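What follows is one structure encoded as C-alpha cells, with my remarks underneath.
Derivation of every value follows stated rules applied to the coordinates shown; laboratory data play no part. The model shown is predicted, which means the values in this text are computed figures rather than measured ones. Counting neighbours? That spans all protein chains shown, and the Cβs are built from the backbone with ideal geometry, glycine included.
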Amino acid sequence: MKYIVTLNGKNYEVDVTETEEAIVTNISDAVTPVAPAVPITTAPVQAAPVIAGNGTQIKSPMPGTILKVNASQGQKVNEGDVLFILEAMKMENEIVASASGTVSQILVTKGQTVETDAVLAVIG
C-alpha cells in the first residue's frame with residue numbers, strides 16, 4: 001500500500017508491504033501535494049484581568065463557562081453565598097464566597113469561558 005506522509009513540512013510517498021509486521025519498502029519524495037485536512041485557525045487571546053488591591057480571591061475550581069453572576073462590585077456578601085454558577089462537564093456548579101466582606105472586583109461575565117484557578121472575583 002502507498003501512503004503520503006508529511007514530515008517537517010515535506011511530503012513523502014511511502015510504500016508499505018503487509019505481512020505479519022509492517023515493513024517500509026520504499027520512501028521517495030511525494031509527487032502530489034497534500035493539503036492539510038483542517039485549516040489552522042487561532043483564537044483571539046484575551047488579556048488576563050488586572051487584579052487590583054488585596055483581598056480574598058475567588059477562583060474557578062475547574063474549567064467551564066460562567067452561566068450566572070450573582071454578585072456585583074460593592075455588594076456585601078457572607079461566607080457561603082453563591083457568587084457564580086459555573087457549567088462544567090454539563091453540570092452546574094455553585095461557586096461560593098470563601099469569606100465575608102465586600103466584593104471589590106468581578107473579573108468575569110456571563111458566557112465567559114474560564115480555566116482552572118482563574119480569578120473570578122475579589123472580596124476585600
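General observations
- Extended-chain gain in nm, criterion 0.36 nm per residue less alpha-carbon gap, residue 90 and residue 109: 5.0 nm
- Straight-distance crosslink candidates among lysines, where the alpha carbon sits under 27 Å from residue 110 and sequence neighbours closer than 8 are dropped: 59, 68, 76, 90
- In this label model, residue 98 and residue 62 are separated by 1.7 nm, measuring between points 7 Å along each Cα→Cβ vector.
- Cβ-derived FRET efficiency at R0 35 Å, residue 12 paired with residue 72, nearest 0.05: 0.05
- When each of the peptides 63-69, 73-79 is scored by the mean number of other C-beta atoms lying within 10 Å of its residues, the order from highest to lowest reads 63-69, 73-79.
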